[in-house]
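J.: Attaching a single structure in structure tokens format; questions to follow.
Nothing in this text is a laboratory measurement; each read-out follows from the coordinates by a stated rule. Given the structure is predicted, the values throughout are model-derived calculations rather than measurements. Note: ideal-geometry Cβ built from the backbone for every residue, glycine included; neighbour counts use all protein chains shown.
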Amino acid sequence: MIEFQSVNKWYGSLHVLRGINLRIEKGEVVVVCGPSGSGKSTLIRCINRLEPIQSGEILIDGKRLSDPSLDLTALRAEIGFVFQQFNLYPHLSAMENIVLAPMKARKISRPEAEEIATRLLERVGIPDKAASYPANLSGGQQQRVAIARALAMQPKIMLFDEPTSALDPEMINEVLEVMSDLAGEGMTMAVVTHEMGFARRVAHRILFMDEGQIIEEGSPQTFFENPSSPRTKQFLSKILSH
Amino acid sequence: MDFTVVAKNIDFLILQGLLGFGNFVGGTFRLAIPAIVLGFILGIFIGLARLARTPWIRIPAMVYVEFFRGVPLVMVIFWFWFIIPLLLRVPLPEYGVALTAFVVFEAAYLGEIVRAGIQSVARGQAEAAMSTGLTPAQTMGYVILPQALRNMIPALVTQFIVLFKDTSLASIIGYVDLTKAAEIVNNREIRPFELYLFIAVVYWLCTYSMSRYARYLERRLTPG
Ligand SMILES: Nc1ncnc2c1ncn2[C@@H]1O[C@H](COP(=O)(O)OP(=O)(O)O)[C@@H](O)[C@H]1O
Ligand SMILES: [Mg+2]
């Protein structure tokens, strides 16, 4: 479903992705972890071309992202993205945040879009917040609205970039639960996170990135119990000790 | 002090000078309101063009802004008044000349305000909108511009107030605005103190209502 073929990316002279090769299958849940600055965000932002790459190829459902005839807008509509900082539209209510893209990009009628949005707000556990503005929602509620906004386009893939890193500890679980449910329903997911409990329970595969490379890759069991690289061991001991 | 001079000439001052109904081509409102509306529309296009990726669009917009910000408004008015008719070999009406000069000149300033307003919206907003499958134009229209416009209100209103007062410069080509109307009355009655105090109050009332309305709008558009 998602395929990276020798992908390289630079920011100026900084080589942030170094020859990445990766396949994510349909229905697979992949967790990406690694130290800060290792290129995790960059990796998943390349999937819907929020960031361009300089060499190699990324394929989504067999479509090449470098193809000049690719309809990038249509492709992005199929890939949900959830940001660390939520990025809800502050001038719109939760309901309007969710219905905007279905109405404008999919040309769905307002009543139909609102019905979808109402169902999604129920699914993420905040049916009573439809009329609230982002500024009046807690971080956990905002992130759940952001997930509902992404799901409203009925994406085939969901990407998460540290979705719980900006949240107070007591709100992390409500967001992780929504994500676990989604994984249970068979969504294809790539999740950058340091929530190792979530990774252990939900991930099919865990990638460990360092300095722009994937240096370890495996099932949760081998990843946690039998990591091969010393960098991974070091990282795990640091992150699991607190 | 004797304000009967104002009472006696109130029709001329208000109807002719402020509103533009009368025997002369004139009116502060008649020039300022369309100039604000049209200048702002052109300013939005210039602001957007300044941020375009394509150099063919971005560079001309930049040259436009830098040029008109670097020359005096009076010169632009003279220019349209003397040079354009010479080039086109047709005389242009005062109103058309004054309005065009103001729109063209103000759009440069307003374009910069629009550009800064758009840049004030966090980058994550556009990323979020595009990642849900909105086109760049829809992203601009539904997500970026509404937030940008709200952020722009204070700077925009300051510029609108400047423009409103600058309309008095149109009198140099014979346009009878409020200032010119007071001057005409004064030439006859020689009561400068009363007349100029009166129009100062009128200008102030207009600009003060503009800034009050802006503050109300800003508050109303603050979500939550
Ligand atoms: N827009 C950018 N311009 C320049 N450098 C960037 C940009 N975004 C990220 N970087 C750099 O690229 C590297 C990888 O960043 P990122 O993918 O955000 O790492 P991570 O998400 O793993 O913390 C970092 O060194 C970061 O400073
Ligand atoms: Mg990151």
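J.: How are the alpha carbon pair distances in region B:4-221 distributed across 10 Å bins from zero to the largest one, expressed in percent?
T.: Distribution as computed: 8, 28, 30, 20, 10, 3, 1 percent.
J.: I've got another one for you. Given the peptides A:165-173, B:214-222, arrange them by the average over their residues of other C-beta atoms within 10 Å, most packed first.
T.: Working: A:165-173: 14.2, B:214-222: 12.3.
Highest-to-lowest ranking by the protection proxy: A:165-173, B:214-222.
J.: Eight or more residues apart or on different chains, and alpha-carbon atoms under 29 Å: count the Lys pairs in the protein assembly as shown matching that.
T.: Summing the qualifying lysine pairs gives 26.
J.: Name the residues whose placed amide hydrogens come within less than 5 Å of the amide hydrogen of A:VAL16, ignoring near sequence neighbours (fewer than 5 apart) on the same chain.
T.: The list, which skips near neighbours in sequence, is A:LYS9, A:TRP10, A:TYR11.
J.: Compute the Rg/Rh shape ratio of chain A: radius of gyration over Kirkwood radius, all on alpha-carbon atoms.
T.: Answer for chain A: 0.97.
J.: Tilt of helix B:192-220 relative to the longest C-alpha principal axis of chain B, in degrees (0 to 90, nearest 10)?
T.: With both axes taken from Cα atoms, the answer is about 20 degrees.
J.: While we're here: Can you grab the distance from the C-alpha centre of region B:126-169 to the C-alpha centre of region B:187-206, Å, no decimals?
T.: Between the Cα centres of region B:126-169 and region B:187-206 lies a distance of 36 Å.
J.: If you don't mind, another one. Kindly write out, for region A:119-130 in residue order, the coupling ³J(HN,Hα) from the Karplus curve 6.51 cos²θ - 1.76 cosθ + 1.60 (θ = phi - 60°), rounded to whole Hz, with x marking Gly and Pro.
T.: 4, 5, 5, 5, 4, 8, x, 9, x, 8, 9, 3
J.: Could you list B:LYS180, A:LYS26 so that the one with the fewest beta carbons within 10 Å of its beta carbon is first and the one with the most is last?
T.: Ranking B:LYS180, A:LYS26 by Cβ neighbours within 10 Å, fewest first, gives A:LYS26, B:LYS180.
J.: A follow-up question, please. Expressed as a rounded percentage, what relative contact order does chain B have, with Cα pairs under 8 Å and six or more residues apart?
T.: 29
J.: May I pose another question? Count, for each residue of B:144-156, the Cβ atoms from other chains sitting within 10 Å of its Cβ, then give me the mean as a whole number.
T.: 1
J.: Take each of the peptides A:100-110, B:169-179, average the number of other beta-carbon atoms within 10 Å over its residues, and list them starting from the highest.
T.: Values: A:100-110: 17.3, B:169-179: 21.3.
Ranking the peptides A:100-110, B:169-179 by packing returns B:169-179, A:100-110.
J.: Which value at 222 nm does chain A reach when only helices count, each DSSP H run of 4 or more adding -39,500 (n - 2.57), with the total divided by all residues and rounded to the nearest 500 deg cm²/dmol?
T.: -11500 deg cm²/dmol
J.: In the protein assembly as shown, what percentage of the DSSP-assigned beta bridges are antiparallel, given to the nearest 5?
T.: Bridges in the protein assembly as shown are about 50 percent antiparallel.
J.: Non-local amide H neighbours of A:GLU28 (under 5 Å, H modeled in plane, Pro and chain starts lacking H): which ones?
T.: Long-range HN contacts for A:GLU28: A:MET189.
J.: Further question: Find the centroid of the Cα atoms in region A:58-118 and in region B:18-69, then give the distance between the two in whole Å.
T.: After rounding, the separation between the Cα centres reads 35 Å.
J.: May I ask you to work out the translational diffusion coefficient for the protein assembly as shown at 20 °C, viscosity 1.002 mPa s, via Stokes-Einstein with Rh from the Kirkwood sum over Cα pairs, reported in whole µm²/s?
T.: After rounding, the answer is 82 µm²/s.
J.: Moving on to the next point. What is the set of long-range amide H partners of A:PHE81 at a cut-off below 5 Å, with H atoms built 1.01 Å from backbone N?
T.: A:LEU159
J.: May I pose another question? Output the 0 to 90 degree angle, nearest 10, between the alpha-carbon long axis of helix A:94-105 and the longest principal axis computed from the alpha carbons of chain A.
T.: With rounding to tens, the tilt is 80 degrees.
J.: Could you work out the relative contact order of chain A, using alpha carbon pairs under 8 angstrom and six or more residues apart, expressed as a whole percent?
T.: Details: 421 pairs, mean separation 64.2, N = 242.
Worked out over chain A, it gives 27 percent.
J.: For helix B:28-50, what angle does its Cα long axis make with the longest principal axis of chain B, in degrees from 0 to 90 and rounded to 10?
T.: Between helix and principal axis, roughly 20 degrees.
J.: Counting only other chains, and only Cβ atoms inside 10 Å, what mean value do you get across the residues of A:67-74? Could you put the intermediate results ahead of the total?
T.: Details: counts 0, 0, 0, 0, 0, 4, 8, 2.
What the average comes to for A:67-74 is 2.
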